[in-house]
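Chemist: Okay, handing you the structure first.
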Amino acid sequence: MAKKKGKREDVFTFPEFNEEEYRTKEIRDSKVTLFAVFYAFVVAVICYSLVRMAGIGGWATIIGFVAPFGLLKVLPIFFDTSEFERKNWGGPMFMSFMAWLGFMILLSNPPFNDIAKPKFQQVEMYVEMDGSWNETLEIDANTPFVLAISVKDNWEVEKVTITSGAAGLNSQPMIKLEDNNAYNITGSSFYHHYFENGLKSDSYSFTIYAEDPEGNSNSKKISVSIG
């Protein structure tokens, strides 16, 4: 007896590729991405203005994180989003946030802005021996010496002062050392104070204060023992 043939399974066929529809969607998505970047730039300028004029960096950060969700309302004004799926929204929102972050980093640094406070690095002391100045860790009482500290900023340092009640210093300006200085101190970021008559034998605490033109400031306490 011959076997009955089974039912023939339907063969899957790929839908016909609509080149025109594909091109239209790609052009739309490209325009949406460019608009998201432009939108991020506008938000970044607003945040930058808030930081510069009002100093409210915290609010500017919150605005930057929330702003991408504004595309849900803004994009339909300029583009047809009726066929948007979730992925279509996620791409522009993510791109907008990353672009905002990049613009803010750019606008937060020179020459547009300076939000970083000055940084202190090494502290060095020099005494004169045999007609030349040499770095030292031990200073005798009443011996002239130079106290130098490296101060750096991502733009420039406006002023550096030194204070010590025990040493009779009240916000005394520290002078920046230029190349080929008399103390043979190398480096383009050193500020110094010259103790012409030295100090009496004691332990001294100094407060170094630095400020840049944007008003960002920093301070550092150092201790020096005079033998």
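Just so it is clear, none of the values below were taken in a lab; they were calculated from the coordinates. Note that the coordinates shown come from a computational prediction; the quantities given were computed from them, not determined experimentally. No Cβ is skipped: glycine too gets one built from the backbone with ideal geometry, and neighbour counts run over all protein chains shown.
Chemist: Grab the other residues whose beta carbon is less than 12 angstrom from that of residue 214, score K and R as +1, D and E as -1, and report the net.
Modeler: Values: positive: 52, 117; negative: 114, 153, 156, 158, 211, 212.
Computed value for this residue: -4.
Chemist: Using a 10 angstrom Cβ neighbour count of at most 10 plus a DSSP loop assignment to flag exposed GluC sites (Glu not before Pro), which longest range of the chain is free of such sites?
Modeler: Working: sites that count: 9, 16, 83, 85, 138, 178, 196.
Here the longest run is 17-82.
Chemist: Let me spell out the model: positive unit charges on the Cβ of Lys and Arg, negative unit charges on the Cβ of Asp and Glu, origin at the Cα centre of the chain. What dipole size does that give, in debye rounded to 20? List each step's numbers first, then the result.
Modeler: Values: 21 positive and 28 negative charges, 374 e Å.
It comes to approximately 1800 debye.
Chemist: Scanning the chain for helices, which whole DSSP H stretches are 15 Å or more long along the axis (Cα) and average -0.5 or more by Kyte-Doolittle?
Modeler: Working: long enough: 19-54 (52 Å, 0.45); 86-107 (31 Å, 0.75).
Those that pass (Cα extent of 15 Å or more, hydropathy at least -0.5) are 19-54, 86-107.
Chemist: Just rank 69, 195, fewest to most, by other beta-carbon atoms within 10 angstrom. The partial results should precede the final answer.
Modeler: Working: 69 13, 195 19.
Fewest-to-most ranking of 69, 195: 69, 195.
Chemist: Relative contact order for the chain: what percent, with Cα pairs under 8 Å and sequence separation of 6 or more?
Modeler: On the way: 333 pairs, mean separation 36.5, N = 227.
Reported as a whole number, the value is 16 percent.
Chemist: Restricting attention to the range 19-115, which trypsin sites (Lys or Arg not before Pro) occupy a DSSP loop and are surrounded by at most 12 other Cβ atoms within 10 Å? Walk me through the numbers before you get to the answer.
Modeler: Numbers: sites: 23, 25, 28, 31, 52, 73, 86, 87; in loops: none.
Of the trypsin sites (Lys or Arg not before Pro), not one in the loops of the range 19-115 has a Cβ with at most 12 other Cβ atoms within 10 Å.
Chemist: Rule-of-thumb check for the range 119-226: C-alpha Rg over 2.2 N^0.38 Å?
Modeler: Working: Rg = 13.6 Å, N = 108, 2.2 N^0.38 = 13.0 Å.
That ratio works out to 1.05.
Chemist: Beyond 19 Å, how much of the Cα-Cα pair distribution for the range 29-96 remains, as a whole percent? Present the calculation step by step, with values, prior to reporting the outcome.
Modeler: On the way: 779 of 2278 pairs.
The share of Cα pairs beyond 19 Å in the range 29-96 comes to 34 percent.
Chemist: Just to be sure I understand: if I project the alpha-carbon convex hull of the chain onto a plane and average over all orientations, what area do I get in nm²? Write out the running numbers ahead of the final one.
Modeler: Numbers: hull surface 108.3 nm².
That works out to 27.1 nm², a quarter of the Cα hull's surface.
Chemist: From the cross-link list 159/221; 73/117; 31/73, which pairs have alpha carbons spaced over 28 Å apart? It would help to have the intermediate numbers written out before the result.
Modeler: On the way: 159/221 17 Å; 73/117 39 Å; 31/73 16 Å.
Check vs 28 Å cut-off fails for 73/117.
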